[in-house]
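Worksheet: one structure, shown below.
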Amino acid sequence: MKANFFANMKISRKLVAVFLATSVIAMGVNIFIYFNLNQALNKINSVFASNISLNELSDGLNKTHQGLTGYLETKGTDDLELYFASYQNVKVMMRQLNSNITDSNVKLSERDIRNMLDTYLKTADEAVQAKRGRNIDEYTAKYNECTKIKDYLNTYIYSVNNEQFRTNSENYMALVNSLRYTEIMSVLIFAVASVMNILLIIILTSTITRPLTRLSAKADEISQGSPENVEPLEVYSEQCDDLLRDIQRFTV
């Protein structure tokens, strides 16, 4: 019934139907590939985000200490500006670290780093205030304390960074393998879609050419023999109706 329905469709409608079917298949394949590739790329980009954040945090801490050292030694304006700019930058990055107790070792490390950074920033601010109050003993003691915290923090961040890098490298390899699997699946789906398109085109071509071939063969029978002895041709396609009627009128 469905085959007869498709066979009886007009050629223009068949062309539109095949075009829509191939377009839907192509669009579905492209959406599948686009979605999976973007999902994999986003995961890959996020793998080493923690390492990048820790490196930026360490750089910000070192710049803050550099500005603090320069200001306490020379009381220069440039050093003070560097200190305050780096100070605010470190504070922003510090707020992104975990502050809650958790079972995750990574999150616990972030919590430790956050607490030590908070101690460093408070101590550094006290050193600056003591410098402004010309209390040499106090700002010297505070500065020495900041230096110890900074050195320990850099060592701790370096250790955490290495541990996370090993974990992230394993995740990265897993994502790369997943991306290769997605690539293979995309190629297979594209191949299947191409085969389906070819089949649709073959079916469309056959539904168009088959009635015309049968009609041509029947016309040859009429031209070579007695028209009254030729068996009437059963009509399957609306495209041949008018032409078939003309031939039948001619044979009467």
Which of Lys63/Lys107; Lys75/Lys150; Lys63/Lys122; Lys75/Lys148 exceed 19 Å between C-alpha atoms? The answer is Lys63/Lys107; Lys75/Lys150; Lys75/Lys148
Distance in nm between Asn144 and Ser206 label points, each 7 Å along Cα→Cβ, equals 9.4
Residue by residue through region 148-158, the couplings from Karplus 6.51 cos²θ - 1.76 cosθ + 1.60 with θ = phi - 60°, in Hz, x for Gly and Pro, are 5, 5, 4, 5, 5, 4, 4, 5, 5, 4, 4
Expressed in angstrom and rounded, the centroid-to-centroid distance over alpha carbons for region 111-125 and region 131-164 is 9
Contour minus Cα-Cα span, Asp112 to Phe190, at 0.36 nm per residue, comes to 23.1 nm
Taking a ≥ b ≥ c as the square roots of the eigenvalues of the Cα gyration tensor, with a/c under 1.5 meaning rounded and otherwise prolate when a/b exceeds b/c and oblate if not, region 47-171 is prolate
Given a Förster distance of 35 Å, the FRET efficiency implied by the Cβ-Cβ spacing of Lys91 and Arg166, rounded to the nearest 0.05, works out to 0.75
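Readers should treat all values here as calculations from the given coordinates under stated rules, not as data from a laboratory. Here the structure is a predicted model, which is why all the values come from computation and not from measurement. As a convention, Cβ positions derive from the backbone with ideal geometry for all residues, glycine included, and neighbour counts pool all protein chains shown.
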